[in-house]
Amino acid sequence: MTNHWIDYQHSDVIMAIGGNTAENHPVSMKWIERARENKGAKLICVDPRFTRTAAVSDLHVPLRPGTNTAYLGGLIRYILENELYHEEYVRSYTNAPFLIQGDFGFDALTGLFSGIEDDPLRSAKRYDRSSWQYQKDEHGHDAADTSMQSPDCVLQLLRKHYADYTVDKIAEIIGCDRDVLEESYRLFATTGKPGKAGNILYAMGITQFTHGAQNVRAIGIIQSLLGNMGLAGGGVNAQRGQSNVQGATDMAILYHIMPGYLGTPQQAHHASLADYLSQETPEAGWWTNKPKYFVSLLKAFFGRHAVEDNEFGYQWLPKLDGNDHSHIAMYKSMAEGDMEGLICWADNPAVSGPTASDKRRYTANLKWLVSVDLFETETASFWKETGKNPEDIDTEVFVLPAAASYERAGNKANSGRWIQWQWKVQDAPGECQSDLWIVNELFKRLRDLYAEEGGTVPEPIVNMAWQYDDSGGQIDIVKVCQEINGFHVDSGSLVENFLALQDDGSTACGNWLYSGYYNDLNKPPCQRREPETEGIGSHLQWAYAWPLNRRIVYNRCSADPEGKPWNPDVPQVWWDDQTWEWKGHDVPDFNTGLTPINSSRAPFIMLPEGKARLFSAFLSDGPLPSHYEPADSPTANLLYPEASFNPISQRFYENHVVETDADREKYPHVLTTYRVVEHYQTGIMTRNMPWLNEMMPELFVEIDEELAAELGIDNGCRVAITSKRLENQAGIEAKACVTQRLRPMMVNGRKVHVVGMPFHWGFMGMNKGAVANDLTPSVGDPNTTIPEFKASLCSIRRCDE
Amino acid sequence: MRSQICLIDTSKCIGCRACQSACKQWNQLPAESTTFQGSYENPPYFSCMTWTKVVFREHNDNGRTSWYMSKQGCMHCTDAACILACPTGAIHHTDHETVAINEIKCIGCNYCAAACAFRVIGFDRSANFAKKCTFCYERIRSGLKPACTSACPTGSLVFGEERTIIRQAQDRIEQLRANGRSQARIYGLNEVQGTAMLYVLEDFPDRYGLPADPSVPIQTRIWNAIYGPLRIAVVLAVTFSLWANFNKNRELDEGKASRQDAGGGKR
């Protein structure tokens, strides 16, 4: 999130798209309701289903799953055509005036940008992005046309790219009534006026597509055009689904990222530390400090073993080999027998992964499997599934019982980047231990084994600085916090924040973004609980937000180039003419040593050009989001006739998605998966909780009344659902929920039915049910390889009683 | 005059059912064994194990979908049919104007459940007495909010001074009407002479599954008029029989104890 939960109270229009906020983030509604009650804010819910969020919203826009880019592209066009963007903001704070290379182009027939070429590594397409770069002026700076009239400037390219995204065309693609669609555009575009704030909040219904990253880009473009970035009530707000999933991401849960969003070194490009630092450090923007953060991280990893002569231990880091190692690819390796073991830590891919039945099959190829969880998961018990014979499975499974979150102390980072300490409430039962205890014991035993027996590449393990034990040999979490916060190597004293970090090995820091969150042993900032004094809900003395306790990032944009807040009612920062200094209700996210005009030149401090990127060469599948169908689509691409789904997307298996008309007839209905408030993720915690099982006792599938009548399905009867992934199989069973909350959609002149299923069920625990993800395809976004859970095709039939 | 009541603003209810599970948790009510029957609403009925729940109702008016959710349970009526129907005086108004069931006096006749317009009284067959929401009497006596209210994340449930809550409801109605909800109304202010649950509805009560015009059935009034004067006699009779039973049990127990003593002595 660029903003935070409490800040929702300042929004004038809130758009919940690809996220069922009332259902999956109930507390958000407290602040949304406050905005509606106090300032008459409107809530738009864009969702295929009439959800619990739709039930309390002012406007519900039903859209076909997988067409968010079309919807958002239509909004971009609406804003541009009707001149509803915040012109001064766009001119000053975005790259709208920048000129792009003259040979940049887009083919509306194929849906491909200039620079398309074959990717020999993946036997797929990829882009050479040289034509997507900025033109340079005679001084070597990025060239711009401040009148924003040049056909090569970003604003005009944007107009041209989205010219075909008319309301009528979009209505036909997404399957929504055109008047409802236009009303949603009109309503949200009202926030382009100075002093108004529009908030877009989203979750997995934006990201879990083969074009998920581009959906997020589209939201960023809209918010930049309307001048909604950096100010109270605005922002691009990714609502995280678990209390600490933000923290997990910050701490590098993904294989291509190291703590603090430092890229994992690549074998082919980064042979030495000098190579890595020179290639990965830009010439301008905040990331020029990357060497300080990276070297401090190496010092935190390898301590006294990290010295300048050995590149601070750089060679002991694992390097990327150029192949995809994300979830789907990892399971493909498992299927091919390339993996020996797997540690599943609070993860249940046998239920949560796409094409989950295949995942459970592949798991039998492992020699060993460790599951660390509160209950016995489907992953740990894959061999117990009906139809599997344990005698045929040689995998050795270890289950380590873990403590629940209230049974251990530690900090959590919420969606708003607030790092909050949580004190332990009670002891864990039986032999359950905290995750930290488990990882500490695991590491110490591994280190002893490597020290005694050697083995392949023992250095990273035996040289790791790992001294977190207290005098009694038990893990001391404070020592871990100190290392994450960062310290001076000589004195051991904690650094104030990341401004103190150095690239010469004199400081160590486990995560530069968190630096400052635990800089005082007696009063760690993450444990602060002071009431707010700023009057706009900033809560600067409550916990600690990364970076540097800033509550709204890019907050320079909340004021005009002269430093006057766009909205004086809820100012974030402002320039005081009398004292000649910056003042604010938030920690400024820019250099306060600069005058208003100078700081306004680069308000997006993380980027070299310092401007919000309406056009960006960063993503691998295009500089501007374009409408591609999901991999499993019921229709042709109405905008780009020769394109269907994202041409750059990650595909792993042949004959895996619906590509022929014969298959479309076989699997005619659009399936979307989701969560309900009563259960959590794969249900491992909640399906073992009788009070929650009572409320949501069985797996169900939501079907509209017309389809139910057509297929002879009564409300509450048993149905079987199948997809291309379960071809020639019986399919999975669920109870039918025949509802008026789903309606058939007219797409491309044809009636399409959308059905929805929660994915919380599995074959273990107190409350058992089929795994909805057995139906979903293993295809991924080209940038992140996030699987396409939210849109696929299926067929349904009534089960004979 | 009541001191404290609960606002149930259905326009802010997201159907998360935190109230429903908080009630079960605080009162340690066991989970019912349910099945999915085509609606999110579960369990299907109020019972001795389910005192409050969120009722879900779907509507389609000329293509406009609505999905109403409302927390329902005992309304703690002023003119309470259950109190009038109870032959033993087990059901009564407490000092906080809540409606409570005295389990010792309850004879399990179930007349209260039949008389209740809201159908929220459950019957515990094993213990043979009626059970329902207590409005968390022990909590509010200790200065706490009812469990359901303290769990609500959106401000749909608000517990407070009656006057403040009524004003809040009236303001909200005005706001909703100005926002185009012309059918917005308060429910529970005048119904059955006022209840401890004051609803803000955006539509007719029956569209939420609430009775349009709740009242005490005429049969209950007649029954109470005839039976009322005899109640004291019934209470005395019940008390006497309980006392007699208690004495009998004590005699039996004492007898058992002396026999055991005797047995011990023999050995």
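I need the full set of residues from segment A:190-219 which are in a loop (DSSP other than H, G, I, E, B), closer than 13 Å to A:Leu231 by Cβ and in contact with a helix residue (DSSP H, G or I) (Cβ under 7 Å, 6 or more places away or on another chain), in order please.
A:Lys196, A:Ala197, listed by residue number.
Keeping to segment A:541-575, report how many residues are in contact with a His (Cβ under 8 Å, 6 or more places away or on another chain), assigned to a loop (DSSP other than H, G, I, E, B) and within 29 Å of A:Met251 (Cβ to Cβ).
3
In segment A:748-772, how many residues are within 20 Å of A:Ser723 (Cβ to Cβ) and modelled with pLDDT under 95?
Count: 1.
Tell me which of these A:Tyr674 doesn't satisfy, since it passes every other one: (1) buried (at least 19 other Cβ atoms within 10 Å of the Cβ); (2) of a type outside the set (A, V, I, L, M, F, W, C); (3) within 12 Å of chain B (Cβ to nearest Cβ).
Just one mismatch for A:Tyr674, condition (3).
Go over the candidates A:Asp177, A:Asp119, A:Asp145 one by one and state the one that is in contact with a Cys (Cβ under 7 Å, 6 or more places away or on another chain) and farther than 30 Å from A:Val570 by Cα.
Every option except A:Asp145 fails the conditions.
Residues that are farther than 21 Å from B:Tyr187 by Cβ and either in contact with a strand residue (DSSP E or B) (Cβ under 9 Å, 6 or more places away or on another chain) or within 13 Å of chain A (Cβ to nearest Cβ) (or both): does segment B:68-79 have at least one?
No: segment B:68-79 contains no residue that is farther than 21 Å from B:Tyr187 by Cβ and either in contact with a strand residue (DSSP E or B) (Cβ under 9 Å, 6 or more places away or on another chain) or within 13 Å of chain A (Cβ to nearest Cβ) (or both).
Yes/no per residue for (1) within 23 Å of A:Gly40 (Cα to Cα); (2) under 23 Å from the mean Cα position of the chain (by Cα); (3) in a strand (DSSP E or B):
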| site | (1), (2), (3) |
| --- | --- |
| B:Gly155 | yes, yes, no |
| B:Phe159 | no, yes, yes |
| B:Ala169 | yes, yes, no |
| B:Leu176 | yes, no, no |
| B:Gln183 | yes, no, no |
| B:Val192 | no, yes, no |
| B:Arg207 | no, yes, no |
| B:Ser215 | no, yes, no |
| B:Gln219 | no, yes, no |
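Of the residues B:Ile91, B:Ile165, B:Ile121, which single one is assigned by TED's automatic domain parsing to the domain that holds B:Lys53, touching a strand residue (DSSP E or B) at 6+ places or on another chain (Cβ under 6 Å) and within 17 Å of B:Gln20 (Cα to Cα)?
One residue alone meets the criteria, B:Ile121.
Would you call A:Leu75 surrounded by fewer than 23 Cβ atoms within 10 Å (Cβ to Cβ) and more than 17 Å from A:Val754 (Cβ to Cβ)?
Considered against the rule, which asks whether it is surrounded by fewer than 23 Cβ atoms within 10 Å (Cβ to Cβ) and more than 17 Å from A:Val754 (Cβ to Cβ), A:Leu75 comes out as no.
Anything in segment A:572-586 that is surrounded by 19 or more Cβ atoms within 10 Å (Cβ to Cβ) and without any contact (Cβ under 8 Å) to a residue 60 or more places away in the chain? List them, or say none.
The answer is A:Val573, A:Trp574, A:Trp575, A:Trp582, A:Gly584, A:His585, A:Asp586.
Would you point out the residue of segment B:1-20, among those that are more than 9 Å from chain A (Cβ to nearest Cβ) and assigned to a helix (DSSP H, G or I), that is farthest from B:Ile140 (Cα to Cα)?
B:Thr10
With respect to A:Ser92, determine if the residue is surrounded by fewer than 14 Cβ atoms within 10 Å (Cβ to Cβ) and at pLDDT 95 or above.
Judged against the criteria, A:Ser92 is not a match.
Please tell me if B:Ser156 is within 14 Å of another protein chain (Cβ to nearest Cβ), buried (at least 22 other Cβ atoms within 10 Å of the Cβ) and at pLDDT 95 or above.
yes
Scan segment B:21-39 and give yes if some residue there is in contact with a Cys (Cβ under 7 Å, 6 or more places away or on another chain), closer than 30 Å to B:Gln175 by Cβ and within 13 Å of another protein chain (Cβ to nearest Cβ), otherwise no.
Yes, segment B:21-39 has at least one match.
Among the strands (runs of 3 or more DSSP E) lying completely within segment A:647-759, list those that include at least 2 residues that are charged (D, E, K, R).
A:700-704, A:732-739, A:750-752
How many residues does segment B:159-191 hold that are within 14 Å of another protein chain (Cβ to nearest Cβ) and exposed (fewer than 13 other Cβ atoms within 10 Å of the Cβ)?
Adding up the residues that qualify gives 4.
Yes or no, residue by residue, for (1) modelled with pLDDT under 95; (2) closer than 29 Å to B:Ile218 by Cβ:
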{"position": "B:Thr10", "(1), (2)": "no, no"}
{"position": "B:Ala22", "(1), (2)": "no, no"}
{"position": "B:Glu32", "(1), (2)": "no, no"}
{"position": "B:Tyr40", "(1), (2)": "no, no"}
{"position": "B:Arg57", "(1), (2)": "no, yes"}
{"position": "B:Asn62", "(1), (2)": "yes, no"}
{"position": "B:Trp67", "(1), (2)": "no, no"}
{"position": "B:Ala85", "(1), (2)": "yes, yes"}
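Picking from A:Glu698, A:Glu654, A:Glu727, A:Glu705, which residue would you name as being modelled with pLDDT under 95, surrounded by fewer than 23 Cβ atoms within 10 Å (Cβ to Cβ) and either under 28 Å from the mean Cα position of the chain (by Cα) or within 11 Å of chain B (Cβ to nearest Cβ) (or both)?
So the residue among A:Glu698, A:Glu654, A:Glu727, A:Glu705 that is modelled with pLDDT under 95, surrounded by fewer than 23 Cβ atoms within 10 Å (Cβ to Cβ) and either under 28 Å from the mean Cα position of the chain (by Cα) or within 11 Å of chain B (Cβ to nearest Cβ) (or both) is A:Glu654.
Where in segment B:23-124 are there strands (runs of 3 or more DSSP E), lying fully within it, with 2 or more residues that are in contact (Cβ under 8 Å) with a residue 40 or more places away in the chain and of a type in the set (Ser, Thr, Tyr)?
B:64-73
Would you confirm whether any residue within segment B:55-66 is within 20 Å of B:Ile14 (Cα to Cα), touching a Lys or Arg at 6+ places or on another chain (Cβ under 9 Å) and more than 9 Å from chain A (Cβ to nearest Cβ)?
Yes: one or more hits.
The rows are residues; the columns are (1) within 14 Å of chain B (Cβ to nearest Cβ); (2) closer than 27 Å to A:His679 by Cα; (3) acidic (Asp, Glu).
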{"position": "A:Asn24", "(1), (2), (3)": "yes, yes, no"}
{"position": "A:Glu37", "(1), (2), (3)": "yes, no, yes"}
{"position": "A:Asp47", "(1), (2), (3)": "yes, yes, yes"}
{"position": "A:Thr51", "(1), (2), (3)": "yes, yes, no"}
{"position": "A:Ala55", "(1), (2), (3)": "yes, yes, no"}
{"position": "A:Arg64", "(1), (2), (3)": "no, yes, no"}
{"position": "A:Tyr71", "(1), (2), (3)": "no, no, no"}
{"position": "A:Tyr78", "(1), (2), (3)": "no, no, no"}
{"position": "A:Arg91", "(1), (2), (3)": "no, no, no"}
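So, in segment A:744-775, how many residues would count as being within 13 Å of chain B (Cβ to nearest Cβ), within 29 Å of the chain's Cα centre (by Cα) and under 15 Å from A:His669 (Cα atoms)?
2
Exactly one of these conditions fails for A:Ala734: (1) within 25 Å of A:Thr377 (Cα to Cα); (2) surrounded by fewer than 23 Cβ atoms within 10 Å (Cβ to Cβ); (3) facing another protein chain (nearest Cβ under 10 Å). Give me its number.
That leaves (2) as the condition not met.
Which helices (runs of 4 or more DSSP H) does segment A:1-65 wholly contain that include 1 or more residues that are over 19 Å from A:Thr739 (Cβ atoms), touching a residue at least 24 places away in the same chain (Cβ under 8 Å) and assigned by TED's automatic domain parsing to the domain that holds A:Asn199?
A:21-24, A:28-39
What pairs come up if the first residue lies in segment A:587-599 and is closer than 15 Å to A:Pro571 by Cα and outside the structural domain of A:Trp418 (by TED's automatic domain parsing), the second is part of a helix (DSSP H, G or I) and modelled with pLDDT of 95 or more, and their beta carbons are under 6 Å apart, counting only those six or more places apart or on different chains?
From segment A:587-599, the pairs are A:Asp589/A:Asn555.
Quick check on segment A:742-801: of everything there that is within 27 Å of A:Lys384 (Cα to Cα) and acidic (Asp, Glu), which residue is surrounded by the most Cβ atoms within 10 Å (Cβ to Cβ)?
A:Asp774
The values are calculated or read from the model by the stated rules, or taken from the named source; none is laboratory data. Here the structure is a predicted model, which means the values were calculated and not measured. Because the Cβ atoms are built from the backbone with ideal geometry, glycine has one as well, and the counts that use them run over all protein chains shown.
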